[in-house]
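Asks: Handing you this structure, nothing more for now.
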Amino acid sequence: MSKNTHGKELHRGLEERHITLMSLGAAIGVGLFLGSATAIKMAGPGILFGYAFSGLIMFFIMRALGEMAIQKPVAGSFSKYARDYLGPLAGYITGWNYWFLWVVTCMAEITAVGIYMEYWYPGVPRWIWALAALVIMATVNFLAVKAYGELEFWFALIKIVTILAMIVVGAGMIFFGLGNGGLATGIKNLWEHGGFFPNGIKGVLLSLQMVMFAYLGIEMIGVTAGEVKNPEKSLSRAIDSVFWRILIFYVGALFVIMSIYPWEEIGTKGSPFVLTFEKIGIPGAAGIINFVVLTAALSSCNSGIFSTARMLFNLAEHGEAPQNFAKVTKNGVPGIAVLASAGALLIGVVLNYIVPAKVFTWVTSIATFGAIWTWGVILLSQIRYRRSLRPNEVTNLKYKVPLFPITSYISLAFLAFVIALMAYNPDTRIALVIGPLFLVFLVGVYYLKGFHKRDLNQTTSKKQIS
């Protein structure tokens, strides 16, 4: 259990089904429901390669996290691993960066809630719904972790059942002509509108930022490590199964959508999910799907507040955030840390007054930059961790990165490549201004507050003891 400075502990109340569905729920949010249309416009059917290859890279990153998390299950895991294997400054930056990226992501999610609620209540200002979503999700995070896990389990299940239903219904249209007078549509739409790569390989490459944003949240499994009942069994199973499931959901859903509809029509006539259900004559399909995407946004925001509170808890344990963030409630929840994250999200409510259309792309790209930093740190920490082990300890590892170190270096190179693509694309370039500026700000605070001297003293005293 993760102890804190006030002698209380985070509760190990999460079971395997909770963390599997939580990481799926965090990764299946606006990235699939809103972001996929943007990615398809850039890449056409070739986007399937983008999701599949990026998914493989994410699998290697998650195995790297799992290798460390199963040996050392702690709250705020990758911040702690960065501290242990890359140094105190890396741990400090990674913790605050992860908090920042989820706050930014949650701003996108609560904004999306406002957009979705307009479907039923067109006259009500968006900011009211954004505020309501924030209050409800912050309240949910005060529940005991098991109750929180249970709610997130059902949130995620709604999304997953919908996507699976769409894949099954779509497959019925493609192969048996369901809803199309018995005429099978086939999959010729994948290549009949300008070929499989209508915008060339360049289109696929430019879509990678939105593809990687869609995978943001899968690393949530690592954040839950301090509150999992049986880390060795639960984490290894969750990591392996989540990769395959996300690949099925993303690649499977998009394969079906682009087989049924010409890719250039997607996003121009409303949600592809709504179109698919309407085509087979389901009454109220638009309302049903709107409810699903609403729960998707709420679920992702719920996961975000959970993650950010645990990171603040971990930073407070190391004296790098106010000590009050290390206090836990009777339910074993870091309550003040939850309130602090919710308070920061009020900025998102305010932005709903002034946010123009382009800000959604900006917010997702800034969040992607933060995610790439986190994933890069996970890989670098794992490389250093593996080097710190003796040969017999490597042999005894319960859960290993496959084909180490080649896969770890390929994954790092891919992340660097995505950053370069973001610099190339004018719409996502802002992330390479805001993201690094925030990192520079963190480094400044680290040295101004004198954390470097304290960390140096702690390292020296540890060496003297050993």
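Asks: Give me a comma-separated list of calculated 3J(HN,Hα) values for the stretch 396-409, in order, Karplus coefficients 6.51, -1.76, 1.60 applied at θ = phi - 60°, integers in Hz, x for any Gly or Pro.
Replies: 7, 4, 7, 8, 10, 6, x, 6, 5, x, 4, 5, 5, 6
Asks: Is the stretch 58-105 best put as rounded, prolate or oblate by its Cα gyration tensor, with a ≥ b ≥ c the root eigenvalues, rounded for a/c under 1.5, and otherwise prolate when a/b is larger than b/c, oblate when not?
Replies: Taking the square roots of the gyration eigenvalues as a ≥ b ≥ c, the stretch 58-105 is oblate.
Asks: So, one more: Which value in nm describes the separation of the simple spin-label points at E192 and W244, placed 7 Å from the Cα toward the beta carbon?
Replies: In this crude spin-label approximation the distance works out to 3.4 nm.
Asks: Along the charge dipole of the stretch 298-389, Cβ charges K/R +1 and D/E -1, which of Y385, A316, V350 sits furthest on the positive end?
Replies: Y385
Asks: Mind pulling up the Rg/Rh value for the stretch 120-204? Radius of gyration and Kirkwood radius, both on Cα.
Replies: Taking Rg over the Kirkwood Rh, I get 1.20.
Asks: Going through the cross-link list K80/K453; K72/K330; K72/K449; K72/K398, which pairs have a Cα-Cα distance over 23 Å in this structure?
Replies: Table pairs above 23 Å Cα-Cα are K72/K330; K72/K449.
Asks: On the protein heavy atoms, probe 1.4 angstrom, tell me the percent of accessible surface of the stretch 256-348 carried by carbon and sulfur.
Replies: Heavy-atom surface of the stretch 256-348 belonging to carbon and sulfur, 1.4 Å probe: 66 percent.
Asks: Would you please state which residues of the stretch 235-268 a label at I288 would reach in this model, taking the label point 7 Å out along Cα→Cβ and a backbone N cut-off of under 16 Å?
Replies: Correct set: none at all.
Asks: Between K233 and K202, what is the spin-label point distance in nm, taking each point 7 Å from the Cα along the Cα→C-beta axis?
Replies: 5.4 nm
Asks: Give the calculated FRET efficiency between K72 and T395 to the nearest 0.05, with a Förster radius of 22 Å applied to their Cβ-Cβ distance.
Replies: The pair K72/T395 has a calculated efficiency of 0.75.
Asks: Can you give me the accessible area per residue for the stretch 73-191, using a 1.4 Å probe, in Å²? Please list the in-between numbers first.
Replies: Numbers: 4550 Å² over 119 residues.
Accessible area per residue: 38 Å².
Asks: Over the stretch 63-165, what is the relative contact order in whole percent, taking alpha-carbon pairs under 8 Å and six or more residues apart?
Replies: Relative contact order comes out at 12 percent.
Asks: Next question, about the same structure. Taking 0.36 nm per intervening residue step and subtracting the Cα-Cα distance, what contour gain separates R17 from S388 on full extension?
Replies: Net length gain for the segment: 130.3 nm.
Asks: For the stretch 109-244, which whole percent of the accessible surface, found with a 1.4 angstrom probe, sits on carbon and sulfur atoms?
Replies: Carbon and sulfur: 72 percent of the exposed surface of the stretch 109-244.
Asks: Counting only heavy atoms of protein chains, what accessible area per residue, in Å², does the stretch 396-455 have with a probe of 1.4 Å?
Replies: Working: 3340 Å² over 60 residues.
I get 56 Å² per residue for the stretch 396-455.
Asks: Nearest 0.05, what FRET efficiency do Y121 and A147 give at R0 = 41 Å with Cβ-Cβ as r?
Replies: Efficiency computed from Cβ-Cβ geometry: 0.90.
Asks: Okay, next question. Tell me, what ³J(HN,Hα) does each residue in the stretch 335-340 have, in order and in whole Hz, if you take phi through Karplus 6.51 cos²θ - 1.76 cosθ + 1.60 with θ = phi - 60° and put x for Gly and Pro?
Replies: Listing the rounded values in order: x, 5, 5, 4, 4, 5 Hz.
Asks: Here's another thing I want to ask about it. Could you work out how much longer the chain between Y409 and I136 gets when fully extended? Use 0.36 nm per residue separation minus the Cα distance between them, nm to one decimal.
Replies: 94.1 nm
Asks: Based on alpha-carbon centroids, what's the gap between the stretch 383-411 and the stretch 45-104 in Å, whole number please?
Replies: Cα centroid of the stretch 383-411 versus Cα centroid of the stretch 45-104: 16 Å apart.
The values are calculated or read from the model by the stated rules, or taken from the named source; none is laboratory data. These numbers were taken from a predicted model, which means no experiment stands behind them. Cβ: placed from backbone, ideal geometry, glycine included. Neighbour counts: every protein chain shown. Areas reflect the complete protein model, heavy atoms only, side chains present, ligands, DNA and RNA absent. Shrake-Rupley method; radii C 1.70, N 1.55, O 1.52, S 1.80 Å.
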